[in-house]
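Take a look at the structure below.
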Amino acid sequence: MTVLQVIFLITAVVTLGGAVLVVTVRNLIHAALWLILTLFGVAVMYGLLSATFFTVIQVVIYIGAIAILMIFAIMLTRRVKQEAGSSVNKGWWLAGLMSLVLFTALVWMFSTWSGFQTTLPVMPANVDMVKVLGTALVSPNGYVIPFEIASVLLLAALIGAVVVAWERKS
Amino acid sequence: MLNDWIFIGIFLLLAPIFPALALLIPRLIAPRKPNPLKTETYECGIETYGETWVQFKVQYYIFALVFLIFDIEIVFLFPWAVAFDQLSMFAVLEGVLFIMILVAGLFYIWRKGVLEWV
């Protein structure tokens, strides 16, 4: 086994373990913290695939923003600490069985699909993909209009969020 | 390419060692004579009451919302910043325009009083 495979296995175990804890842990704040670990595991996966940009996005958006938003949502929810009974019911084994069947079917379908066998094109080593993306985003022949529209969209989201959520102090 | 990741891996391995050492060294060299009164939890010198898991009202949730928007802005600015040294003047100004549009939003919420601490 290569070092990369060992790192992949450790990451996979941590990611899946964290994901299981997210749904089984009773304390919602703890669940949010486990979710952060899971998202970090996914970020490491992107890193292992040399997807630099996705790694950065995963850390900045998912760990930085989504996790914070989730913790705030938990803090703002009323009666969040009230015991609401067990999180599993009598039919849990049926749901587990169905998930297993679905998972096996998906794996089987993907393994017989021809696209599954294609090897990844090897990136030229001296090309920084983030740099290519950055140049394309602002070049007039590239995506400059969507880039600027994204800014306007974010402005609309910002103003919309403030209009909806901000209560003027009386 | 992979060597860049090794640095991050080394940081990930080294980072937990520092707080662990800070906790471990006092445990080894500090005198420990605990008694029930010493180990009791206290809060600003007075005895605690009620549960420790309290849900306080997060009045600054609006900051989280605003942060979210500027966090997404980073997604677009990050590749722009990485490619900064190869960009033409026009492309740099495009990025500046992007920021300016969002600065207008910042001024809007500033005037609205959102940035004032409650």
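Read-outs throughout are calculated quantities, based only on the coordinates presented, and are distinct from any laboratory measurement. Model, not experiment: these values are computed from the prediction. Positions of Cβ are generated from backbone atoms using ideal geometry, with glycine treated the same way; all protein chains shown enter the neighbour counts.
Odds and ends about this structure:
- Ordering of B:108-116, A:63-71 by packing [mean C-beta count within 10 Å, highest first]: A:63-71, B:108-116
- Chain B: angle of helix B:89-112 to the longest principal axis, Cα-based, in degrees nearest 10: 60 degrees
- Residue-normalised convex hull volume from the C-alpha trace of the protein assembly as shown: 260 Å³ per residue.
- When the Cα atoms of chain B are aligned to their principal axes, the ranges along those axes come out at 70, 47, 17 Å in descending order.
- Helical runs assigned H by DSSP (4 residues or longer) give the protein assembly as shown a calculated mean residue ellipticity at 222 nm of -21500 deg cm²/dmol, each run adding -39500 (n - 2.57) before division by the residue total.
- Average beta-carbon neighbours from other chains, 10 Å sphere, peptide A:124-136: 4
- Set against the 2.2 N^0.38 Å expectation for a compact globular protein, chain A has a Cα radius of gyration ratio of 1.39.
- Helix runs (DSSP H) in chain A reaching 18 Å along axis by Cα, Kyte-Doolittle at least -1.0: A:3-24, A:28-48, A:92-112, A:144-165
- Per-selection Kirkwood Rh - the stretch A:127-170 (Cα, Å, 1 d.p.): 12.6 Å
- Once the Cα atoms are used to define both axes, helix B:61-82 deviates from the longest principal axis of chain B by about 50 degrees.
- Magnitude of the charge dipole, the protein assembly as shown, Cβ model with Lys/Arg +1 and Asp/Glu -1, debye to 20: 900 debye
- Each residue of the stretch B:25-37 was assigned a 3J(HN,Hα) from its phi angle through the Karplus curve 6.51 cos²θ - 1.76 cosθ + 1.60 (θ = phi - 60°); the sequence is 4, x, 4, 7, 9, 7, x, 10, 10, x, 9, x, 5 Hz, with glycine and proline shown as x.
- Among the residues of B:59-69, the average count of other protein chain beta-carbon atoms within 10 Å of the residue beta-carbon is 6.
- Size of electric dipole in the stretch A:41-161: Cβ of Lys, Arg +1 and of Asp, Glu -1, about Cα centre, debye, nearest 20: 460 debye
- Positive contributions from Lys and Arg (+1) and negative ones from Asp and Glu (-1), summed over other residues with Cβ under 14 Å from the Cβ of A:F147, come out at -3.
- 5 angstrom amide H check on B:V114, placed H, neighbours 5+ away: none
- Theoretical FRET efficiency, 1/(1+(r/R0)^6), r = Cβ-Cβ of A:K90 and A:V14, R0 35 Å, to 0.05: 0.65
- Among the chymotrypsin sites (Phe, Trp or Tyr not before Pro) in the stretch B:1-98, those placed in a DSSP loop whose Cβ has at most 16 other Cβ atoms within 10 Å are B:Y49, B:W53, B:F56, B:Y60.
- Out of every Cα-Cα pair that the stretch B:2-47 contains, those further apart than 18 angstrom amount to 61 percent.
- Within the stretch B:25-60, the trypsin sites (Lys or Arg not before Pro) that combine a DSSP coil assignment with at most 14 other C-beta atoms in a 10 angstrom radius are B:R32, B:K57.
- Fewest-first ordering of A:V101, A:V130 by other beta carbons within 10 Å of each residue's beta carbon gives A:V101, A:V130.
- Shielding by partners - mean other protein chain Cβ count within 10 Å, residues of B:44-56: 1
- Restricting attention to the protein assembly as shown, lysine pairs at least eight places apart or on different chains and with alpha-carbon atoms under 23 angstrom apart total 4.
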